[in-house]
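None of the figures in this text is laboratory data; all of them are computed from the coordinates on show. Computed from a predicted structure; not experimentally measured. Positions of Cβ are backbone-derived with ideal geometry, glycine not excepted, and every protein chain shown enters the neighbour counts.
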Amino acid sequence: MAEDNITKTGTTTLAIMCKDGIVLCADKRVTSGYLVSYKKFDKIVKITDNIAVTMAGSASDVQLLSRLISAELRLKSIRTEQEITVKEAVNLLSSLVYSGIRQMSMIPSISHFIMGGKDKHGFHVYDLSPDGTVTKCDDYVSSGSGSVMAYGVLETLYEKGITVADAIKLGFKAINAAVQRDIASGNGITVFTVTDDGVKKAISKDIEYKIE
């Protein structure tokens, strides 16, 4: 991704479409070159009551963009007095990502988001690539350095019509597979759900490697 001395999130994140909602999962490790610089980074952020994003890439970029998109969506909702659609949110975020990657800088802007949300049209998952490309996902998607391992689990165990409860277990297994093999992923697993009740944190589990 970026240069070795840039703090970045690694990482493994994923989203799973369910018949009754969406499950978002991520690990917690932040790396700086070969150094684990932080072990409890929240890589899933609630940006509205009904929309959340997973984050991968340079930590400074994903933090700034997540704050910007959250503020912009709040302002838009106040001005229009209408609920923001997931499509509107992803289009706005993609324009910010596109602008960042096209600007000349000593430190390149690298960010990869997965957005999951609910609006009047239903539940939606979008993959937002580092170049600003938007792809709608109908089943599952994963991002980051550990996504290869996560995809292996998802390809094998995912079934159409899966429930949120079962998808939480599947997402946990997929992230855990990446944590076991990807050096940039680890230290914990966070799981969020998007249902008719909005965005909720379902699991936040730390994984410690200490000799007692």
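Ordered by residue, what ³J(HN,Hα) values in Hz, to whole numbers, does region 153-158 give under the Karplus form 6.51 cos²θ - 1.76 cosθ + 1.60, where θ = phi - 60° and Gly and Pro are x? Karplus values, whole Hz, x for Gly and Pro: 6, 5, 4, 7, 10, 5. Peptides 168-181, 58-71, 193-206, 15-28 ranked from most to least packed by the mean count of surrounding Cβ atoms within 10 Å: 15-28, 168-181, 58-71, 193-206. One quarter of the convex hull surface built on the alpha carbon atoms of region 7-206 amounts to 10.5 nm², the projected area averaged over directions.
The C-alpha radius of gyration of region 23-70, expressed as a fraction of 2.2 N^0.38 Å, stands at 1.19.
In a GNM of the chain with a 10 Å cut-off on Cα contacts, which of Y151, Y126, Y38 has the highest mean-square fluctuation? Sorting by GNM fluctuation, first place goes to Y38. For region 80-91, backbone phi angles converted through the Karplus equation (6.51, -1.76, 1.60; θ = phi - 60°) give residue-by-residue couplings of 8, 6, 9, 5, 6, 7, 5, 4, 5, 5, 6, 5 Hz, Gly and Pro being listed as x.
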